[in-house]
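Before any comments, here is the structure.
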């Protein structure tokens, strides 16, 4: 049983402990506390996140740092997530979220719980009621986008909407196959996404 919390939202999912501990998501999380980090058997030396006093986003009130936790068996995991203002304030040249912040955090949490992670990046979707829906607009602030990428820096994660037609913003095959298995996308859609072709989602 996996239980995770995003702000006031709580979700539950069934998964085997072995599957979750072997998932790539746990090998790429830098924001874990020391006990959680050691419980995963990670060989690299644990480095604590920056002290609260050094986090300007908390001190100056520009951003709020959100603690996101989930539990696997007897072990509790946690990391930190923040909303980047330049992806919400119509900054030119920056993709923009159009879903509420709580839905953005839910997208991130779903990526972590389901191990939609590859090469250190998490990949998210917005699927209220189980159906894929638009989550933002591209850098032109017009083109609708349906996928998000999550990155981490100094133990803190953040995310932004991405356009799969741009090679470096295309979700990797293993993540696309996971979405296909959960019927978030169809085979025909997956083929077009892989090729970077226009696709009706």
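The residue list 189, 197, 174 contains one member that is more than 15 Å from residue 87 (Cα to Cα), outside any strand (DSSP E or B) and in contact with a strand residue (DSSP E or B) (Cβ under 7 Å, 6 or more places away or on another chain), which is 174.
A count restricted to region 117-131 and to residues that are at pLDDT 95 or above and assigned to a loop (DSSP other than H, G, I, E, B) stands at 1. The set of residues from region 132-150 being within 18 Å of residue 175 (Cβ to Cβ) and either part of a loop (DSSP other than H, G, I, E, B) or under 8 Å from the mean Cα position of the chain (by Cα) (or both) comprises 132, 135, 146, 148, 149, 150.
Could you grab me the full set of residues in region 86-116 that are closer than 19 Å to residue 177 by Cβ and part of a helix (DSSP H, G or I)?
Step one: filter region 86-116 for residues closer than 19 Å to residue 177 by Cβ, giving 107, 110-116.
The answer is 107, 110, 111, 112, 113.
For region 104-137, what are the residues that are surrounded by fewer than 17 Cβ atoms within 10 Å (Cβ to Cβ) and in contact with a strand residue (DSSP E or B) (Cβ under 8 Å, 6 or more places away or on another chain)? Even if it seems obvious, please write down each step before you answer.
Restricting attention to region 104-137, the residues satisfying the condition of being surrounded by fewer than 17 Cβ atoms within 10 Å (Cβ to Cβ) are 118-120, 128-131, 133-134.
Selection gives 120, 133, 134.
Can you find even one residue in region 156-166 that is touching a strand residue (DSSP E or B) at 6+ places or on another chain (Cβ under 6 Å), buried (at least 19 other Cβ atoms within 10 Å of the Cβ) and farther than 19 Å from residue 126 by Cα? Yes, region 156-166 has at least one match.
Restricted to region 145-155, and to residues that are farther than 21 Å from residue 128 by Cα and in contact with a strand residue (DSSP E or B) (Cβ under 9 Å, 6 or more places away or on another chain), which residue is surrounded by the fewest Cβ atoms within 10 Å (Cβ to Cβ)? Quick ask: steps written out before the conclusion?
The first filter runs over region 145-155 and keeps only residues farther than 21 Å from residue 128 by Cα, leaving 151-155.
When the remaining residues are screened for being in contact with a strand residue (DSSP E or B) (Cβ under 9 Å, 6 or more places away or on another chain), the result is 151-152, 155.
On the way: 151: 13, 152: 19, 155: 17.
Of everything passing the filter in region 145-155, 151 is surrounded by the fewest Cβ atoms within 10 Å (Cβ to Cβ).
What's the total number of residues in region 94-116 that are more than 11 Å from the chain's Cα centre (by Cα) and under 12 Å from residue 161 (Cα atoms)? Counting residues in region 94-116 that are more than 11 Å from the chain's Cα centre (by Cα) and under 12 Å from residue 161 (Cα atoms) gives 6.
Check whether at least one residue in region 78-95 is modelled with pLDDT under 85 and more than 18 Å from residue 137 (Cα to Cα), and report yes or no.
The initial filter retains those residues of region 78-95 that are modelled with pLDDT under 85, namely none.
Within region 78-95 (the criterion being modelled with pLDDT under 85 and more than 18 Å from residue 137 (Cα to Cα)), the answer is no, since none of the residues qualifies.
Restricting region 60-73 to residues that are out of contact with any helix residue (DSSP H, G or I) (no Cβ under 9 Å at 6 or more places or on another chain) and either within 16 Å of residue 159 (Cα to Cα) or outside any strand (DSSP E or B) (or both), the residue that is modelled with the lowest pLDDT is 60. In region 77-103, the residues that are on the phi > 0 side of the Ramachandran plot and in contact (Cβ under 8 Å) with a residue 12 or more places away in the chain reach residues that are surrounded by 17 or more Cβ atoms within 10 Å (Cβ to Cβ) and not in a helix (DSSP H, G or I) with C-beta atoms within less than 7 angstrom, at least six apart or across chains, in these pairs: 90/96; 93/139.
The values are calculated or read from the model by the stated rules, or taken from the named source; none is laboratory data. A quick note: this is a predicted structure, and the numbers were derived from the prediction, not measured. Methodologically, a virtual Cβ is constructed for each residue, glycine included, from the backbone with ideal geometry; neighbour enumeration extends over all protein chains shown.
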